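Right, one structure below, let's go through it.
The values are calculated or read from the model by the stated rules, or taken from the named source; none is laboratory data. As the structure is a computational prediction, the values presented were derived from the model and not from experiment. Backbone-built Cβ (ideal geometry, glycine too); neighbour counts: all protein chains shown.
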Amino acid sequence: MSWSEVPLRRVFRIVNGGTPTSDDQFWNGDVPWATPVDLGPVDGKYLASTQRNLTEEGVRMGSRVVPEDSLILSTRAPIGYIAQTTSRTAFNQGCRGLIPNTLVDMRYFRYQLWALREELVSRGAGSTFMELSTEALAAVPIVAPSLHEQRRIADFLDAETAKIDQIAAIRSLQAGQLDERESSWRSQMFLESDSGAWMRVKHLLRARPRYGVLVPEFVDIGVPFIRVNNLWGLTSLDGLAKIPEELSAQYSRTVTTLGDVLVSVVGSLGKVAVVGESLVGANTARAVAVVRLNPKHPPSLFASWIGTAQFEQQALLVTGADSAQPTLGMEDLANFSVRWPADDAERKAMAHAAIEHQLETAAAQAATNRQLALLAERRQALITAAVTGGISL
């Protein structure tokens, strides 16, 4: 079964959004005000609340609204988030509202526009940032079967995607449990050390922990530059941004050497990587501390301690639970308490056990991530086929 295409403007009226000034009389009212940030977490589903609300005066002076059971689409930063409103909702200039010109089942078009994301992105334009204009959106071809078919397809997709989403939620929960199990195992390993004694981190070090480069200038040829988002799974310097050699020379104390432990200390605390031979010679961002241990202390063991409950609790005490951008100072890190094995043989055995356990957890995580990816592909294919008449219901 297939249906002919029509431009989106034949089915929907497009409404542009806006942002009022910061005047208090425009904000903290009863009208939800959506931005792409609000749409992201509910992409393809329903929008019930937003981070900020407008007053009626705020709507009148600086924004626009769509009624309940309309669609709001993000048209920049990024293009393509889609959500169905559950109440009268305003939105900013990074979004467009879609109000039907005729009687439709909005669920069907929500699914269809979600499936059309790549097409929407391809129609974006702009030099500073990509944006999908009102005119480009209006011209997007969509299929509009009879209302009866729309309802039938939407009912089918509601049921089938709910099943997929339920399985995905279980898999995501399992992934979180794997992380918790790994952290708990490592915490217990240190607490149960036969020769363990409490000491300050600074007593394990051969040099004070160092912040990296504060304001990098990126170049095509230079010193590889490690940032927080590079730490997870970092195995080589390939593909990293680069900074000038002379700038790196000013921060020579944070040029990576064999055995350094790199720890994120700003924002997402506790991401960690150990510098092997393939990571020597890079420099690090300000948000990545370089920790150099005394040679008798295995770097992999210290890296295993980062992320344990003992580390996280002390980091929380220093940075505060409500900090929007938690920052861990070098003196704070050096003065953290750690229960560390005094016996050299036990340190080596614990380091080996930690690596083995981490490899097992990583393998289980990879399997879970593959399952989640397959579920996402199945969901995408199912929706695309259903809304275009590609499957018989």
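Just one of (1) more than 27 Å from the chain's Cα centre (by Cα); (2) in a helix (DSSP H, G or I); (3) surrounded by 22 or more Cβ atoms within 10 Å (Cβ to Cβ) fails for Leu98. It is (2). Residue check: Ala154 meets all listed conditions (1) closer than 30 Å to Ile391 by Cβ; (2) of a type outside the set (Ser, Thr, Tyr); (3) assigned by TED's automatic domain parsing to the domain that holds Arg227 but one, namely (3).
With the structure loaded, tell me whether Asp322 is charged (D, E, K, R), in the same structural domain as Ala285 (by TED's automatic domain parsing), farther than 30 Å from Gln150 by Cα and in a loop (DSSP other than H, G, I, E, B) or whether it fails that test. So Asp322 passes the test. For the stretch 360-393, name all the residues that are part of a loop (DSSP other than H, G, I, E, B), exposed (fewer than 15 other Cβ atoms within 10 Å of the Cβ) and among the polar types (S, T, N, Q). Residue satisfying the conditions is Ser392 alone. Is it true that Ile142 is exposed (fewer than 11 other Cβ atoms within 10 Å of the Cβ) and either in contact (Cβ under 8 Å) with a residue 40 or more places away in the chain or more than 28 Å from Leu73 (Cβ to Cβ) (or both)? No, not satisfied. Of the numbered criteria (1) out of contact with any helix residue (DSSP H, G or I) (no Cβ under 6 Å at 6 or more places or on another chain); (2) touching a residue at least 40 places away in the same chain (Cβ under 8 Å), the one Ser236 fails is (1).
For Pro298, the conditions (1) closer than 15 Å to Val263 by Cβ; (2) free of Cβ contacts under 8 Å to residues at least 60 places away in the same chain are fulfilled apart from (1).
Residue count for the stretch 304-313 under the criterion of being more than 17 Å from Gly196 (Cα to Cα) and modelled with pLDDT of 90 or more: the result is 2.
Taken across the stretch 346-359, residues that are crowded, with 21+ Cβ neighbours inside 10 Å, modelled with pLDDT under 95 and closer than 25 Å to Val213 by Cα do not occur at all. For the stretch 113-219, the helices (runs of 4 or more DSSP H) that sit wholly inside it and include 3 or more residues that are over 29 Å from the mean Cα position of the chain (by Cα) and over 30 Å from Ser248 (Cβ atoms) are 147-191. Checking each residue of the stretch 238-248 against the condition of being assigned by TED's automatic domain parsing to the domain that holds Phe311, loosely packed, with under 13 Cβ neighbours inside 10 Å and within 25 Å of Leu359 (Cβ to Cβ) gives at least one match. Exactly one residue out of Leu258, Leu301, Leu316, Leu279 is at pLDDT 95 or above and surrounded by fewer than 19 Cβ atoms within 10 Å (Cβ to Cβ), and it is Leu258. Within the set Val31, Val6, the sole residue that is buried (at least 17 other Cβ atoms within 10 Å of the Cβ) and under 23 Å from Ile82 (Cα atoms) turns out to be Val31.
Only one entry of Ala83, Ala90 meets the criterion of being farther than 18 Å from Asp30 by Cβ and either in contact with a Phe, Trp or Tyr (Cβ under 9 Å, 6 or more places away or on another chain) or of a type in the set (A, V, I, L, M, F, W, C) (or both), and that entry is Ala83.
Tell me the residue from Arg370, Arg339, Arg379, Arg347 that is touching a Gly at 6+ places or on another chain (Cβ under 8 Å) and among the charged types (D, E, K, R), please. Every option except Arg339 fails the conditions.
The single condition among (1) within 30 Å of the chain's Cα centre (by Cα); (2) within 14 Å of Thr89 (Cα to Cα); (3) outside any loop (DSSP other than H, G, I, E, B) that Ser49 does not meet is (3).
For the stretch 3-25, filtering for residues that are of a type in the set (A, V, I, L, M, F, W, C) and under 33 Å from the mean Cα position of the chain (by Cα) leaves 4. Contact map, the stretch 378-393: first residue outside the structural domain of Arg110 (by TED's automatic domain parsing), second residue part of a helix (DSSP H, G or I) and of a type in the set (D, E, K, R), Cβ cut-off under 8 Å, separation 6 or more or different chains; pairs are Arg379/Asp165; Leu382/Glu160; Leu393/Arg152.
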